[in-house]
Amino acid sequence: MRSIKESLKRLGIIVLCMITLFFPWTVRNYLTTGRFILLDSYGQNATSLWLATNPDGIMDWDMTKEPLKSLFARLPQDEAIKTLQKEAWGNLKQHPLAYIKNSVKRFFILWISSHTYHISGLEKSFYSLWQDKNWKVFSFKIFLLSVNTLFVIFGFIGLWLSRRRWRHDCLASILPIFYFSIITTFYVTSARLQIPMVPYMMIFAIAGFVNIF
């Protein structure tokens, strides 16, 4: 009973800190939009939902590109957001198989990457580097991709080998991995969203490597 009360006390402190942190933004959002919007941007949430359900498999959240650019230029923000939300739910109902297919694609985008698209000199895609015959940069990106892929493989092997201990010893390390994987796979993703999971995956990657070798 004492441990439960102590846990609830600590949880209350965490919740209070979160409320204190987000309260100014919640007030600002209400004054701007007339709605209570918690923890997320109203507009970004709508575009992310639209991206996740788009049957064409558009993965890039970019307001400077079509069709988002024309939509927000043509309509006030509130109307554009409502249009995106309506289209998103319509896409999900009309194209469920496309949504599943794109979710699988998002899973691999999340986990398999060279993490070099935002590094100066390495931002070009593999296809562009192949066309330009820039073999040095191409080879270096392949090397980084291989390192990340091996890290992910060993991590999932470690997760599988430790499955009997998930409920006890490993729960605190596994939950963040499952949480971020599920959210980014079925909602919206980017290779950089792998980063919060790296410290936890590192534990299981080491376990997988040790068990194999």
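Where nothing but the Cβ of Lys and Arg (+1) and of Asp and Glu (-1) is charged, how large is the charge dipole of the chain around its Cα centre, in debye to the nearest 20?
The dipole of the chain has a size of about 580 debye.
Probe radius 1.4 Å, ligands and nucleic acids left out: which of ILE109, ILE19 has the largest accessible area, and how do the rest follow?
ILE19, ILE109
Once the principal axes of the Cα atoms of the stretch 101-192 are found, what is the range along each, listed largest first in whole angstroms?
51, 25, 23
Roughly how many Å is it from the Cα centre of the stretch 66-124 to that of the stretch 132-147, as a whole number?
The two parts, judged by their Cα centres, are 27 Å apart.
Mean Kyte-Doolittle of at least -1.0 plus a Cα span of 18 Å or more along the axis: flag which DSSP H helices in the chain meet both, please.
2-33, 96-111, 135-161, 171-186, 198-212
Given 0.36 nm per residue, what is the gain on full extension from SER3 to TRP89 after removing their alpha carbon distance, in nm?
Full-extension gain reported as 26.6 nm.
Which residue, chosen from PHE209, PRO67, VAL198, occupies the Cα position most advanced towards the positive end of the dipole of the chain, where the dipole is computed from +1 (Lys, Arg) and -1 (Asp, Glu) charges on Cβ about the Cα centre?
PHE209
With a 1.4 Å probe and all protein chains left in place, how much accessible area per residue does the stretch 52-141 have, in Å²? Don't skip to the answer; put the middle values down first.
Numbers: 6130 Å² over 90 residues.
Solvent-accessible surface per residue comes out at 68 Å².
For the chain, set up a Gaussian network in which alpha carbons nearer than 10 Å are linked by springs, and say which option among THR64, THR116, THR184 fluctuates the most.
THR64
State the percentage of accessible surface on the stretch 78-213 attributable to carbon and sulfur atoms; use a 1.4 Å probe and exclude ligands, DNA and RNA.
The value for the stretch 78-213 is 68 percent carbon and sulfur by accessible area.
Can you compute the charge dipole magnitude of the stretch 101-213 about its Cα centre, using +1 on each Lys and Arg Cβ and -1 on each Asp and Glu Cβ, nothing else charged? Give it in debye, rounded to the nearest 20.
The calculation lands at about 240 debye.
For the chain, how big is the tail of P(r) above 26 Å, as a whole percent of Cα pairs?
55
Return the lysines within reach of LYS101: Cα separation strictly under 24 angstrom, same-chain partners fewer than 8 residues apart disregarded; answer none if there are no such residues.
Leaving aside lysines fewer than 8 places away in the same chain, those within reach of LYS101 are LYS65, LYS86, LYS93.
Over the chain, with a Gaussian network built from C-alpha contacts below 10 Å, which listed residue (LEU129, LEU31, LEU97) shows the highest mean-square fluctuation?
Most flexible of the set in this elastic network: LEU31.
The values are calculated or read from the model by the stated rules, or taken from the named source; none is laboratory data. Note that this is a predicted model, so its numbers are computed, not measured. Because the Cβ atoms are built from the backbone with ideal geometry, glycine has one as well, and the counts that use them run over all protein chains shown. Accessible surface areas use protein heavy atoms only, side chains included; no ligands, DNA or RNA. Shrake-Rupley method; radii C 1.70, N 1.55, O 1.52, S 1.80 Å.
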